[in-house]
Amino acid sequence: MSGSGATLWKFGSFAVVMALLTTCLFFIFGGYRSGPANGYSAVFKDTSQLKDGDTVRVAGVRVGTVDSVTLRSDNTVLVRFGADRLTALPDFMDLFREAEERVQAHHPRLRAEAIGYVEVWDDAERLGAEEVKLNACLGAARDGLGGIDLLVRPYDATEDPELWGTAYRWAERAASAGLGLTVHVGEFATTSIAAALRTPGLRRIGHGTHIADEPHLLDDLARSGVTLECSLTCNVVLGSAPTYEDHPIRKFVRHGIPVTLATDLPVHVCTTIGREYAIASILGFSTDDLRTCTRNAVAASFTTSTRRAALLDDLRRSAHK
Ligand SMILES: [Zn+2]
């Protein structure tokens, strides 16, 4: 890899990560409880004095309580526990910046922004729990939360004006709190795409793979100026695209749609942002094309104008090395 290629790779690995890694972190650090608990059970050989009512922790954060501990005939122990539905810790942004600093100790040029993930459900109880999460995001905007990622259920399968009406109202609330907005849509079907493109303040679409199925959707997206977050590995692993070769990413670029490379679920689908850039390179993206993806990611990032300008400047300088 040449010097400028190496710089680009390093740059890509921190610039694009802004949008996606952060959603996962939101949940890792989520722990402020609301709504009913979900029941889980597990069998252990040794429960070391575990008893009813004990706290269940994941990575040090309280996520629920032990409901019952039962000794089984084979001397193993069945533990049932309730995990509270996670929303958001009030001090989430402090934890996020602390995490960013820890990563910067090893990767000084990394810059990350957090986004919250909110779903719209056709179910009053779930919708209520999601609205609590939305309100937590609106509050966290004051502490630097960058945006929200909206997903309307049934995922990719509804044009229901009432559900999308809720999504539009929530999007407007997010925009007036200064939050950026991305919508997860078009991963497995075309049904919800037109409704998603009408979301007020929409700046990015997550996946959108099936937008390529319909020429009028491609035209609508190109006209909207909305940026598309392409997650090549995630799309192939989950069946959104049949193969890397068949992924419509090159079609999007040819259509003048600003495209970024992203990971979506890096742990689940076993990838890194560097690997996504390497795959795009194998698919025929030149170094300049990859740099354009990074520039698109920075331009569409949910960050401060100062931070965005500094990143774009950094990118310009790396292009001339
Ligand atoms: Zn996704």
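Just so you know, all these numbers are worked out from the coordinates, no wet-lab data involved. In this text the structure is predicted, and so the values were computed from the model without any measurement. Virtual Cβ from ideal backbone geometry, glycine too; neighbours counted across all protein chains shown.
Observations
- Proxy reagent accessibility, fewest Cβ within 10 Å first, across 255, 106, 268, 247: 106, 268, 255, 247
- Among 148, 193, the ranking by other beta carbons within 10 Å of each residue's beta carbon, starting with the fewest, stands as 193, 148.
- Sorting 51, 251 from the fewest to the most surrounding beta carbons within 10 angstrom yields 51, 251.
- Signed unit charges on C-beta, dipole axis of region 95-185, positive-most listed residue 134, 174, 110: 110
- Cross-link reach list, aspartates and glutamates versus residue 251, counting only Cα pairs under 19 Å and skipping chain neighbours closer than eight places: 187, 213, 214, 219, 220, 229, 276, 288, 289
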